[in-house]
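Presented below is the structure to which this report refers.
Please treat every number below as a calculation from the coordinates, not as lab data. Quick caveat: nothing in here was measured; it's all calculated off a predicted structure. Quick reminder, even Gly has a Cβ in these numbers, built from the backbone with ideal geometry, and neighbours come from all protein chains shown.
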Amino acid sequence: MGTTPRVIAVITEGATPELLDRWVPEGRLPNFARLFAEGVRGTLDAEGVPYEPPGLVSLLTGHGPGDHGIFSYWSCHDPEYRPQVENGDRRRNPLMWHLPDLAGLKFGSVGLFGTHPVQPLDGWVVSYPMQLSLHACYPRGLQKELTQHGIAPTHDTAIWWHGQAKQDFVPDVLEADRRRGAAAMLLYDKGADAILVNLTSIDRLSHIFWQELEPGGVGTEDSAVFAAYRLADEIIGKLLDRADENTAVLAFSEIGFGPLRAYCAVNDDLAAAGLQARGDDGAVDWAASTAFEAVQGTHGVNINVRGRYKHGLVPEEDYERVRAEVAEGLAAVVNPRTGAPMFAAVSPREEIYRGDTVSAAPDLILEPADWRYLPLGDQTWAKKVYRNWQSAWHRRRSYWALAGAGRTAAGPDVARPVDVAATLVHLLGRDLPAGFTGTPLLP
C-alpha cells in the first residue's frame, strides 16, 4: 500500500469509561491497555440525548443531528401517531464515502446504523438493516465471499432478546460481533483505505445484564457485560497488529452506560397535569390531548399540532405558548421514588440541537435529574422491545482513543461524534468537506 494513509475505526458501542478504568488497570483488557499506552485517549460526549442512531449518522456524515435529522431508530413525528422504523436513509446529508472530496478512497463499513439500504460505493458495505433483509451487502457478491471465509454477516434484528435464558442469547450476540471484526479485517486486507466496524455486544448485553455487575451479582468474570468487553479487546488487539506508521487505529463509543432503576411514563405525568386525555380503555384520546411522549431514546415530548397530526388539537399560531405551558407543567413533576424533581431541565428542541432539520426532533427535550429514572418513550414500541426489562441505559460520556501512525499528541478535553468524522478525513490526508462541523482530534 506504499505510504497511503489508512484508518481502521472500531466502535465499541456502549463502552463506558468507568468500566474501562476498572478493568484495564486490573489487567483484564490487555489490548485496550495497549491502545491507550501506544496512542492518545480522550473523552467523547454525545450531542443532545445519548443514543446510537444520531451519533452514528453524525459519524457517517460529518453533520450533527440538527442537520442530518436522525434522532432515533424510529421517526419522531408520524401523522398517525405510530413512529415508523428508521434505517437512516431519510438523513439529509450523504454518507462520507459518497462525497467528491473523498473520491479515490476505498471504504469498508461493517454493521453501522445509517448505511441501509445499501448504495453503490468504491468499496464494501455490510449494512445495519432494521428489518430482516437479503440485500444488506454491497457489492452483492460480498455476502457469499464472507460466508466462504466462515464469517457470514449476522444482523442484530436476527438475534432478538425476548426473555430467553442467558446461555441461549449471549453466545449469539458475541458471535455476531466476532464475525463483524473478522469481516473488517478481511476488507482491510482486500485494500480498504478506511474501515469502520461497529461492535454492538457491549451495548446489547449492558442493557440486559448490567445488574450482574452490581453488589450481589455474578462477578466480573462470569458477567455477560465483561464477556462483551473481552471480545472487543480481542478484536482491538488484532486491529492494532495492523497499525503502523501509515495506518491508524481509532476506537471510540458514541455512548456510555450506567444503571437503570425504572423507565417512567411521561404520558402519565401529562395526563395528571390535564395535558393528555385517556379513553375508557386507557389509550390516549388523541383528539382531546395537547401533548404526548415521543419515541424511546429521544427523551422527547411532542405537541399535538393541528396539521402535523391526524387529530391535531393545537393551532399552529398557539404552538409556542402551549409548548411553554407543557414545559412548565413537566418541570414541576416530582419523582415519587426519590422525592426530587424528575427533570433537571425541560428544553425547546432548538436549545439542544442546531441545524436546518431541528423540526424532525421532538418539540421538547427532557434532561433527567437522576439518570437511573428515564423517560419510557412511545409505549407501543416500548412493549415490543421489552424496554421495561432493562437494567441499564445510555449515558452521555464515553471515550475515544487513537494509536498508530505516530499519534501521541494530546487531544481536546471533550470530543463529539462529528469530531471523529473530521478525524477520519484528516487521517486519510484529505481536507474537510464543506459543511463538516467537527474538528480533527489531533493536529
**Prompt:** At residue 332 and residue 85, where each label point lies 7 Å from the Cα along Cα→Cβ, what is the point-to-point distance in nanometres?
**Reply:** 4.2 nm
**Asked** Among 318, 268, 203, which one moves the most in a GNM of the chain with springs linking Cα atoms closer than 10 Å?
**Response** 318
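Mind putting a number on the dipole of region 262-389 about its Cα centre? Charges go on the C-beta only, +1 for Lys and Arg and -1 for Asp and Glu, and I need it in Debye to the nearest 20. Each step should come with its number before you reach the end.
On the way: 13 positive and 19 negative charges, 98 e Å.
It comes to approximately 460 debye.
So what is the 222 nm mean residue ellipticity for the chain from helices alone, if each DSSP H run of at least 4 adds -39500 (n - 2.57) and you divide by all residues, rounding to the nearest 500 deg cm²/dmol? The partial results should precede the final answer.
Values: 13 runs with 128 residues, N = 443.
Rounded to the nearest 500, the figure is -8500 deg cm²/dmol.
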**Item:** Cβ-based net charge around residue 52, under 9 Å, with every Lys or Arg adding one and every Asp or Glu removing one
**Value:** -3
**Asked** Among rounded, prolate and oblate, which fits region 1-154 when a ≥ b ≥ c are the square roots of the eigenvalues of its C-alpha gyration tensor, a/c under 1.5 means rounded, and a/b larger than b/c means prolate?
**Response** oblate
**Asked** Between rounded, prolate and oblate, where does region 262-389 land on the alpha carbon gyration tensor, with a ≥ b ≥ c its root eigenvalues, rounded for a/c under 1.5, else prolate if a/b exceeds b/c?
**Response** rounded
**Prompt:** Do you know the relative contact order of the chain, to the nearest whole percent, from alpha carbon pairs under 8 angstrom that are 6+ apart?
**Reply:** 28 percent
**Request:** Considering Cα pairs under 8 angstrom that are at least six residues apart, work out the relative contact order of region 262-389 and quote it in whole percent.
**Result:** 29 percent
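Just for region 262-389, what percent of DSSP beta bridges are antiparallel, to the closest 5? It would help to have the intermediate numbers written out before the result.
Values: 12 of 17 bridges.
Rounded to the nearest five, the antiparallel share is 70 percent.
Applying 1/(1 + (r/R0)^6) with R0 = 25 Å to the Cβ-Cβ distance of residue 320 and residue 356, what FRET efficiency is obtained, to the nearest 0.05?
Values: r = 20 Å, r/R0 = 0.78.
For R0 = 25 Å, the calculated efficiency reads 0.80.
For a 18 Å ceiling on Cα separation, which of these pairs sit above it: 166/383; 106/190; 190/238?
Flagged as over cut-off: 166/383.
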**Request:** Among 225, 159, 209, pick out the residue whose Cα is farthest towards the positive end of the charge dipole of the chain, where Lys and Arg carry +1 and Asp and Glu carry -1 on C-beta, about the Cα centre.
**Result:** 159
**Asked** Which net charge results for the neighbourhood of residue 413, defined as the other residues with beta-carbon distances under 14 angstrom from its beta-carbon, given Lys and Arg at +1 and Asp and Glu at -1?
**Response** +1
**Prompt:** Simple spin-label model, 7 Å along Cα-to-Cβ: residue 345 to residue 103 in nm?
**Reply:** 4.3 nm
**Message:** Quick query: amide H of residue 345 versus all other amide H atoms, modeled in the peptide plane; which residues come in under 5 Å with a sequence gap of 5 or more or a different chain?
**Reply:** 367
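About the Cα centre of the chain, how large is the charge dipole given +1 on each Lys and Arg Cβ and -1 on each Asp and Glu Cβ? Please answer in debye to the nearest 20. Each step should come with its number before you reach the end.
Details: 41 positive and 56 negative charges, 167 e Å.
Charge dipole of the chain: 800 debye, to the nearest 20.
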**Most mobile of 210, 124, 286 in a GNM of the chain (Cα contacts under 10 Å)** = 286
**Complete:** When the charge dipole of region 317-440 is computed with +1 at the Cβ of Lys and Arg and -1 at the Cβ of Asp and Glu, the Cα pointing farthest to the positive end, of 339, 401, 369, is that of 401
**Message:** Can you tell me how the chain classifies by the Cα gyration tensor, rounded, prolate or oblate, using a/c under 1.5 as the rounded cut?
**Reply:** prolate
**Fill in**
If each part is reduced to its alpha-carbon centroid, region 187-248 and region 348-419 end up apart, in Å, by 20 Å
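Antiparallel DSSP bridges in the chain: what percent, to the nearest 5?
On the way: 30 of 58 bridges.
If we restrict to bridges inside the chain, about 50 percent are antiparallel.
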**Prompt:** Out of 204, 41, 430, any idea which swings most in a Gaussian network model of the chain, alpha carbons joined below 10 Å?
**Reply:** 430
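Taking 0.36 nm per residue of sequence separation and subtracting the Cα-Cα distance, how much length would be gained by fully extending the chain between residue 78 and residue 164, in nm to one decimal?
Details: separation 86, 0.36 × 86 = 30.96 nm, distance 3.24 nm.
Value of the extension gain: 27.7 nm.
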